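J.: One structure, pasted below without further comment.
The values are calculated or read from the model by the stated rules, or taken from the named source; none is laboratory data. The structure displayed is predicted, hence computed values, not measured ones. Heads up, the Cβs are rebuilt from the backbone with ideal geometry, glycines too, and the neighbour counts pull from every protein chain shown. What goes into the accessible areas is simple: the full protein's heavy atoms, side chains included, and nothing from ligands, DNA or RNA. Shrake-Rupley method; radii C 1.70, N 1.55, O 1.52, S 1.80 Å.
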Amino acid sequence: MSLRLALYVPLAAALGLTLAPRGVLAAPCADLPNPVIGIGGSASKPLLAKVAAALHAIDAPIDLVYQSPGACFGITYFVDGTKITGTANYWDGDGTEQTCDLPLTGADPDFGMLGVKGTLCEGVDAIPDGIAEFPGPITSWSLIASNDSSQTNISAAAVYFVYGFGAALGQVAPWTVDAELYSRNATSAALIAIALGAGIPPTKFKGIDVGTNQAMISSVGQSLNPEAALGFVSTEVADLNRDTVHTLAYQAPDQSCAYWPDSTATGFDKRNVRDGHYDLWSPYNFYVPVDGGGEITNPETRRLIGFFTGAEPLPDGLPLLDIIIDNGTIPQCAMQVWRDEEIGPLYSLQPDAPCGCYFESRAAGGTDCQACAGDGDCSGDAPVCRHGYCEVI
Amino acid sequence: MPIAYPTVRALALAVGFLGACSNEQVEPPGDDTDDPATSATPTGTPTATEPGTTTTEDPTGTSTSEDTTTDDPPDPITGTTGDPAECETPEGCWSCTPTTHKQHLNACTDATCEPFPNTKDRLPLLEDDGTLPPLP
């Protein structure tokens, strides 16, 4: 066992064990009818919870089991070839979260899920042979301030000073109080992405490690010194907590103005993520064991991941596009830009079957696109009817 | 450079003045040709000497692009060649089809934005030449 893993495993076990109430034995995860076990970050857990509930309604239901000790655990277990232990979560058909016990001897994860590329995790030099990466829905990352703070924007250079030097040493008012600089550890996808954006090595990122997304919301949102408080979470978590925190507009290097993920500070259209104005975004990546031909070895995992990638037709009962949008994440078909490196150069993207109009209508409650019942209702620059709206192809 | 399409340029500038641009700029993936001067690399330390990060309250005219050429054929949508003289509005946004990382970040849009002043007043540890010092 590597030194890094020696550090990770006890932490993972400790985190897993905290999922079950003390003194209460959970049922074995292996007793679920058709378990598919994943591990990774907490940012993706709300999305997986919604998907897991819907998976009970399809033919040949899948019991999605997930342990969320931190994003980088979604790849490190495959790199080190170890087994996951402790407890994990699964969800009933109504979305109720349940807890189950993994085998004392450990279980092999069927997939890992993290919001950055696995090679950015400490100690992961390359994705191992036999493991493939499949990009999933897109998330963005939000630097957040309390709703009692007057701050509305921040730049990559400001992040460099605040999180690279520490609040007091960085001298960027009003974020100059070390006790109000909230952070995560270097296994957090949010930390890695924001660190990349600012040019800070993740291991040098300063701030108080609050451990979870929800603790981050609480720390920033309930700060007694709100003007000085700064933190970060995935944007979907920030959106769910707009009653206490707000996302700061972000100005990337090479950018002349700071933008929110949405086209306005109060919107939900994610337009600036989708068209490249908001730089802090990443696809969730699935890491899955594959055979020599690149096919996912576990047939149930192949189905699950295939639903996300389009390799498997969506079954009745699994409205995955709606689930992704309603979660605050972005389906690839709604993106107009893409990147091949984490927080790397952007290039234009034309999805094979775009869904930007439908995304806007569902996420933001309206769109300027023309509604349609079939291609006959569409013309000109948007001749194809998809999901009820005329799209370009 | 001679302005080959004055009418289109005037229209582009007018659009820029309004802070609005079409989002119809789409092209196949894999065509990004950012050069090192304008690319954002995952491990690169941002430099505050870049035009986009040294703005004060007004981003006008701070966005320049070094990686476009004047020999390209006109853009089929805008009718421009990608020449900064044609594509950059006085407000500093990119009114032509974006083809580089920097152009995507600064493409004209009607989205709300607020410039963050990367100045010594706001970032006291900036070097005198506007660059970022090494981390402690």
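J.: Among A:LYS45/A:LYS83; A:LYS83/A:LYS206; A:LYS204/B:LYS102, which pairs are too far apart, with a Cα-Cα distance over 23 Å?
T.: A:LYS83/A:LYS206; A:LYS204/B:LYS102, as the Cα separations exceed 23 Å there.
J.: Please average, across the residues of A:332-344, the number of beta carbons from any other chain that are within 10 Å of each residue's own beta carbon, and give a whole number.
T.: 4
J.: Show me the ranking of peptides A:361-368, A:342-349 by mean Cβ neighbours inside 10 Å, starting with the highest.
T.: A:342-349, A:361-368
J.: Roughly how crowded by other chains is peptide B:118-125, in terms of the mean Cβ count from those chains within 10 Å of each of its Cβ atoms?
T.: The shielding value for this peptide is 5.
J.: Quick one: which residues, 5 or more positions from A:GLU391 or on another chain, have an amide H under 5 Å from its amide H? H modelled 1.01 Å from N in the peptide plane, none for Pro or chain starts.
T.: A:VAL384, A:CYS385, A:ARG386
J.: Net charge within 12 Å of A:ASN89 by Cβ-Cβ distance, Lys/Arg positive one each and Asp/Glu negative one each, not counting A:ASN89 itself?
T.: Local charge sum for A:ASN89: -3.
J.: Using 17 Å as the cut-off for backbone N distance, which residues of region A:222-239 belong to the label zone defined by a point 7 Å from the Cα of A:THR266 along Cα→Cβ?
T.: Of the residues in region A:222-239, A:239 have backbone N under 17 Å from the label point off A:THR266.
J.: How far, in nm, would the chain grow between A:LYS204 and A:ALA371 when pulled straight, counting 0.36 nm per residue and subtracting the alpha carbon separation?
T.: Details: separation 167, 0.36 × 167 = 60.12 nm, distance 4.98 nm.
Extra length available between A:LYS204 and A:ALA371 comes to 55.1 nm.
J.: I'd like to compare A:331-339, A:50-58, B:93-101: which one has the highest average count of other Cβ atoms within 10 Å, and what's the full order after that?
T.: Peptide ranking by packing, descending: B:93-101, A:331-339, A:50-58.
J.: Below 14 angstrom from the Cβ of A:CYS372, what's the summed charge of the other residues (Lys, Arg +1; Asp, Glu -1)?
T.: -4
J.: Counting only other chains, and only Cβ atoms inside 10 Å, what mean value do you get across the residues of B:95-104?
T.: That works out to 5 on average.
J.: Determine the sum of side-chain charges near A:ALA215: Lys and Arg each +1, Asp and Glu each -1, restricted to other residues whose C-beta is under 10 angstrom from that of A:ALA215. Don't jump to the answer; show the numbers that get you there.
T.: Values: positive: A:ARG184; negative: A:ASP209.
For residues surrounding A:ALA215, the net value is 0.
J.: Before I look further, what does region A:32-96 give for accessible area per residue, probe 1.4 Å, in whole square angstrom?
T.: Per-residue accessible area for region A:32-96 comes out at 27 Å².
J.: Separate question: Modelled label-to-label distance, A:GLU341 and A:ASN34, 7 Å Cα→beta-carbon offset: nm?
T.: 4.2
J.: If you don't mind, another one. Suppose only helical runs count, i.e. DSSP H with n ≥ 4. What mean residue ellipticity at 222 nm does that imply for chain A under -39500 (n - 2.57) per run, divided by all residues and rounded to the nearest 500 deg cm²/dmol?
T.: After summing the helix terms and dividing by the residues of chain A, the value is -7500 deg cm²/dmol.
J.: If packing is taken as the mean number of other Cβ atoms within 10 Å per residue, what is the order of A:262-270, A:152-160, highest first?
T.: By packing density, highest mean first, the sequence is A:152-160, A:262-270.
J.: Let me ask you something else. How much accessible area is lost when chains A and B come together, counting both sides, with a 1.4 Å probe, in Å² rounded to the nearest 100? Please report the intermediate quantities before stating the final value.
T.: Details: alone 16230 and 8670 Å², together 20360 Å².
Its buried surface, counting both partners, is about 4500 Å².
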